[in-house]
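This report concerns only the one structure given below.
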Amino acid sequence: MKVKRAIGLEIGPSHLCAVQISRIGKAFCIERIFGTQIRRSTDCPSQIVRTLARRHGFSRRAPVAMAVPEEAVFFRTLDADDAELERMRASGLLGLDYEFPIEPDQTVAGIGAYRRTADQKVSVLTAAVSKESLTDSLDVVREARMRPHVIDVADFAIYAAVAQNHPGIKTGRAILVYRAASHVALVVTEGHTILMVRHVPIVDGSGDSDEADAQRIADVLSGEVEIVWERLFDEGLDDGTRVYLAGNGGASAALRSAIEENLQCQTIVVNPLAKMLLKDLHRVPSDLLVAEGLAIRALTPEKTAGVNFLEAAPAAVKPALNVKKQVALCTVLGVAIVVVSLIGLLLRLHRLEHQYAAVKSEMKAVFQRTLPDEKNIVNPLAQLDQRLRALRKDYAVFGSISGTSAGPLDVLQAIAAHTPLEMKISLDDVQVTAQSIRLTGTSDSFESVYHWQDLLANALHSSTVDVRDVRREPDSKTVHFVLLASITREKTT
């Protein structure tokens with residue numbers, strides 16, 4: 001079965017209480033409780049709330065329900081018909097702004113409960129706070145980096161806690177009395193419906209005895225109950241009406257006796273743990289009723305009465321734009337973009353360097369395979385180009401590598417092809433340079449030598465063929481000669 005958790009947070013004038021409750025089916029279990037005294041002048045509630053998860057084991061993901069300060073809440077009971085009630089629900093009580101002592105554009109109001117009267121009208125109990133008070137309450141939770149889910153009124157939360165622990169309050173008419181530090185809250189209910197909420201200021205009775213202080217409060221409550229009862233039911237207080245008594249720090253026996261004596265009704269002291277399961281709790285504070293009720297409101301909003309001001313005016317509680325925070329965020333994003341870009345450039349540079357090193361290694365390997373006799377390798381590309389230039393220069397002595405000019409081999413080939421066998425020419429020496437070929441040989445006649453010169457001149461075209469030092473041996477018919485053939489840049493055909 002799925003477990004749901006919620007945190008109820010009460011921040012009073014002099015104390016702070018937080019309760020974490022889990023819900024399993026219909027059972028509620030109190031898992032964590034934290035309470036401490038605070039001073040508004042020196043203590044920061046948001047810092048205390050921030051320690052709930054870090055130091056005291058509260059869940060940071062659990063939704064938080066809290067109450068606005070009691071002095072900031074205003075209640076109104078309005079009579080309406082069914083059509084007006086639907087309009088109130090649909091419009092978010094926009095037409096009720098002038099019913100509260102708050103500026104209309106600063107009012108956030110909601111329906112807490114309603115009941116049908118004898119004349120078929122609807123009596124609607126509404127509550128309102130100012131946007132400023134609502135924002136201040138939200139800031140406490142937001143600054144603590146927790147998730148606000150319900151912003152309610154303490155009186156509705158008290159009733160939710162009492163109804164959970166004392167189900168008898170849901171039947172018949174009942175009065176819930178809650179004593180706070182500066183006032184007494186009076187909540188009148190009928191059949192699980194809250195009819196009216198009144199806050200009665202009380203005078204500090206620190207100098208009085210418990211009995212005197214209790215009697216003074218009971219006297220004030222008696223007068224208020226008579227007025228409220230006459231207004232709601234047009235009759236006096238019934239003897240069967242039950243009074244549920246609770247208080248910040250517990251309810252005293254003297255106050256219970258004084259109320260029973262004045263109102264002549266059964267008075268029940270509320271036990272906030274009567275129907276709650278406890279999970280390994282060693283110390284339970286006595287002022288947890290409001291926080292407990294807030295957590296129950298967050299876990300069962302459909303079964304409990306109350307006003308969730310977050311739903312009543314979602315636009316009003318939207319956090320205001322913090323210019324400094326936005327500028328800081330933009331600055332951080334800009335710096336992050338620059339850093340990421342630099343990292344990307346460095347990674348790309350590293351990759352290119354790695355590829356360059358691989359290319360250099362491949363060039364070196366090709367150089368070593370091409371020129372295995374070269375041992376000193378400094379710049380393979382430059383050294384290979386130098387070696388190619390040397391090879392071209394050496395080959396130019398014999399022939400053109402590119403084939404665009406005539407070389408010595410081309411001339412020798414032409415000489416061999418145009419030397420008839422019947423001329424009986426014999427070569428004794430051949431000297432080859434890049435510009436010419438020198439042939440020294442013998443023949444049997446002068447005519448053969450000069451005829452061979454004409455053949456070679458016609459074959460080599462633009463090359464110059466010259467015969468020099470032609471002479472005959474005195475004691476024989478052998479003719480000696482020297483033939484010079486110059487090498488031109490034009491290819492022979």
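The values are calculated or read from the model by the stated rules, or taken from the named source; none is laboratory data. It should be emphasised that the depicted structure is a prediction, and the values quoted were computed from it without experimental measurement. Glycine gets a Cβ as well: all are built from the backbone with ideal geometry, and neighbour counts include every protein chain shown. With ligands, DNA and RNA removed, areas are computed over all heavy atoms of the protein, side chains included. Shrake-Rupley method; radii C 1.70, N 1.55, O 1.52, S 1.80 Å.
Quick notes on this one:
- Each Lys and Arg adds +1 at its Cβ and each Asp and Glu adds -1 at its Cβ; summed about the Cα centre, the range 242-293 shows a dipole of about 140 debye.
- Averaged over residues, the count of other Cβ atoms within 10 Å places the peptides 438-449, 138-149 in the sequence 138-149, 438-449, highest first.
- Cross-link pairs beyond the 26 Å C-alpha cut-off, checked among 121/170; 4/324; 2/275; 4/279: 4/324
- Packing, as the average of other Cβ atoms within 10 Å across residues, places the peptides 107-119, 125-137 in the order 125-137, 107-119, highest first.
- For residue 477, the lysines whose Cα falls under 22 Å of its own Cα, not counting residues fewer than eight places away in the same chain, are 424.
- Cα-based radius of gyration of the range 188-310 once divided by 2.2 N^0.38 Å, which approximates compact folds: 1.20
- Net charge of neighbours whose Cβ lies under 9 Å from the Cβ of residue 441, counting Lys and Arg as +1 and Asp and Glu as -1: -2
- Integer Hz, Karplus 6.51/-1.76/1.60 couplings in order for the range 324-339, x for Gly and Pro: 4, 5, 5, 5, 4, 5, 5, 5, 4, 5, x, 4, 5, 5, 4, 5
- Nearest-20 debye value, the chain charge dipole, Cβ charges on Lys, Arg, Asp, Glu: 2080
- Those residues of the range 333-365 whose amide nitrogen sits under 18 Å from the label point placed on residue 381, 7 Å along Cα→Cβ: 352-365
- Area of residue 66 that stays accessible when all protein chains are in place (1.4 Å probe, Å², to 10): 10
- R0 of 51 Å, Cβ-Cβ distance residue 203-residue 2: FRET efficiency to nearest 0.05: 0.55
- Only protein atoms count toward the accessible area here, which uses a 1.4 Å probe; on the chain, the carbon and sulfur part of that area reaches 53 percent.
- Between the Cα long axis of helix 289-299 and the first principal axis of the chain there is an angle of about 50°, rounded to the nearest 10.
- Each residue of the range 266-279 was assigned a 3J(HN,Hα) from its phi angle through the Karplus expression (A = 6.51, B = -1.76, C = 1.60, θ = phi - 60°), giving 5, 10, 10, 7, 6, 10, x, 10, 4, 10, 10, 7, 10, 10 Hz with x at Gly and Pro.
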